[in-house]
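Taking it in order: structure first as structure tokens, then the write-up.
The values are calculated or read from the model by the stated rules, or taken from the named source; none is laboratory data. Here the structure is a predicted model, which means the values were calculated and not measured. Here the Cβ positions follow ideal geometry from the backbone for every residue, glycine too, while neighbour counts run over all protein chains shown.
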Amino acid sequence: MALFLIFCILWGVYAILIGVCLYHFARIPKYDAAEKSSVSVSVVIAARNEETMIAACIESLLQQDHPKELLEIIVVDDQSTDNTSNIIERYADRGVRLIRIHIEDNIHGKKAAIAKGIAASVGELIMVTDADCVVGKKWVSTIAHYYQEKESVFIASPVQFHNPKTFLDLFQSLDFISLQGITAAGVHADMLNMCNGANLAYTKSAFESVGAFDGIDTIATGDDMLLMEKMSAAFPGKVHYCLSEDAIVETAPAKGLREFIHQRIRWASKSTAYNSSFMKATLLLVYMVNASFVAMMIAAIIQLSYVYALMILWVVKTCIEIPFMLQVATFYNSKKLIWWFPLMQPIHAVYTVVAGSFGWVGKYTWKERKEKREK
């Protein structure tokens, strides 16, 4: 009886959390920049072994409608072993700056690359995206105007997977929709410091005033959320979320199951580095809910009498989450994906438990580098 009561409380709190996220996401005003901004912007991209995508990324940046004299594009090559640097160099006559990190520099990683790019930048507002992303032509001007209007020091903005084709792509897209929705709601409600490194903006002065990545530089990941946490602590009320279709950055899903698992373990590996007890409690709640679902799946395999309980839990979990998912998917013009959502529940629960567990104790490979979670 006590175990059943704990189970009910756990799922009840989870239902409240998702309800709160739905409430706040629905109340985020959609932003539309009415006019051009006069802010000087430096776009900084850390690139490693991105020869297949870097050209498309740069081309999308060169199409921006922000005044050319107020925009610079800096790409930092983090010791690529492919043709990435040569491709970037082809854009030198169009104003794209290439900065290289050499082995003898004794630094590497995304944080080091971003910091080096920012140190060389001249813009008031730093905008960061990834080398495998593409942006719309109003990306810079929209976020720059938002910054100017809201007087933000740190802005998180939406990211979307484009052109899901395979089953794995569909799964990743649905998972990412949920993460993006919780991110937007959490930031808007000032509850969670969540963001995605593919679409960030912050002032150069604020970045320098918090000591850049000092204190989090030994952690292989966390160039986004851990920096955001520092910014939020130093500048309360100045961290915002720009919910605008013109601010969406598109990126490609992981190419295979191995890459996907390593990516999610990398994301999960920074969880213990958060200072926020509420953030840690929220992550633990999500983990425990999915772990209980997986436990029920195992019980149903061992003893068929648990199948009915599993079916009930499956329906309950779907009913809790689907109104929120539908709200977020509508913003991303991805409502057609929601048909797949109930079918993905068991897979999503297993993946959450596996990625969360390995993120806590495991190692992962990213961009041909082996990393491990810092103790």
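Worth pointing out:
- Residue within the stretch 322-335 that is outside the structural domain of residue 227 (by TED's automatic domain parsing), farther than 15 Å from residue 182 by Cβ, in a helix (DSSP H, G or I) and β-branched (Val, Ile, Thr) present: yes
Matching residues to (1) over 20 Å from the mean Cα position of the chain (by Cα); (2) part of a loop (DSSP other than H, G, I, E, B):
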site: 7; (1), (2): yes, no
site: 14; (1), (2): yes, no
site: 21; (1), (2): no, no
site: 25; (1), (2): no, no
site: 34; (1), (2): yes, yes
site: 39; (1), (2): yes, yes
site: 72; (1), (2): yes, no
site: 77; (1), (2): yes, no
site: 86; (1), (2): yes, no
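- Here residue 210 meets each of (1) within 15 Å of the chain's Cα centre (by Cα); (2) over 23 Å from residue 30 (Cα atoms); (3) among the β-branched types (Val, Ile, Thr) with one exception, condition (1).
- Which numbered condition residue 259 fails, given (1) in a helix (DSSP H, G or I); (2) farther than 23 Å from residue 181 by Cβ; (3) modelled with pLDDT of 90 or more; (4) not polar (S, T, N, Q): (3)
- With respect to (1) over 24 Å from residue 48 (Cβ atoms); (2) in contact with a strand residue (DSSP E or B) (Cβ under 8 Å, 6 or more places away or on another chain); (3) part of a helix (DSSP H, G or I), the lone exception for residue 149 is condition (2).
- Test: residue 238 is of a type outside the set (A, V, I, L, M, F, W, C), free of Cβ contacts under 8 Å to residues at least 40 places away in the same chain and not assigned by TED's automatic domain parsing to the domain that holds residue 349: no
- The set of residues in the stretch 107-134 being over 17 Å from the mean Cα position of the chain (by Cα) and of a type in the set (Asp, Glu) consists of 124 alone.
- Scanning the stretch 119-146 for residues that are assigned to a strand (DSSP E or B) and within 16 Å of residue 203 (Cα to Cα) returns 125, 126, 127, 128, 129.
- Residue within the stretch 248-267 that is closer than 27 Å to residue 108 by Cβ, among the basic types (Lys, Arg) and under 16 Å from the mean Cα position of the chain (by Cα) present: yes
- Residue within the stretch 83-90 that is farther than 18 Å from residue 54 by Cβ and not charged (D, E, K, R) present: no
- Test: residue in the stretch 222-236 that is farther than 23 Å from residue 329 by Cβ, surrounded by fewer than 19 Cβ atoms within 10 Å (Cβ to Cβ), out of contact with any strand residue (DSSP E or B) (no Cβ under 8 Å at 6 or more places or on another chain) and acidic (Asp, Glu): no
- Across the stretch 193-212, the number of residues qualifying as touching a Gly at 6+ places or on another chain (Cβ under 8 Å) and surrounded by fewer than 23 Cβ atoms within 10 Å (Cβ to Cβ) comes to 2.
- Contact annotation: residue pairs with Cβ atoms under 8 Å, 6 or more positions apart or on different chains, pairing a residue in the stretch 143-161 that is more than 25 Å from residue 333 (Cβ to Cβ) with a partner that is charged (D, E, K, R) and assigned to a loop (DSSP other than H, G, I, E, B), are 151/238; 152/238; 153/238; 154/238.
- Some residue of the stretch 209-218 being touching a residue at least 24 places away in the same chain (Cβ under 8 Å) and either touching a Leu at 6+ places or on another chain (Cβ under 6 Å) or not assigned by TED's automatic domain parsing to the domain that holds residue 184 (or both): yes
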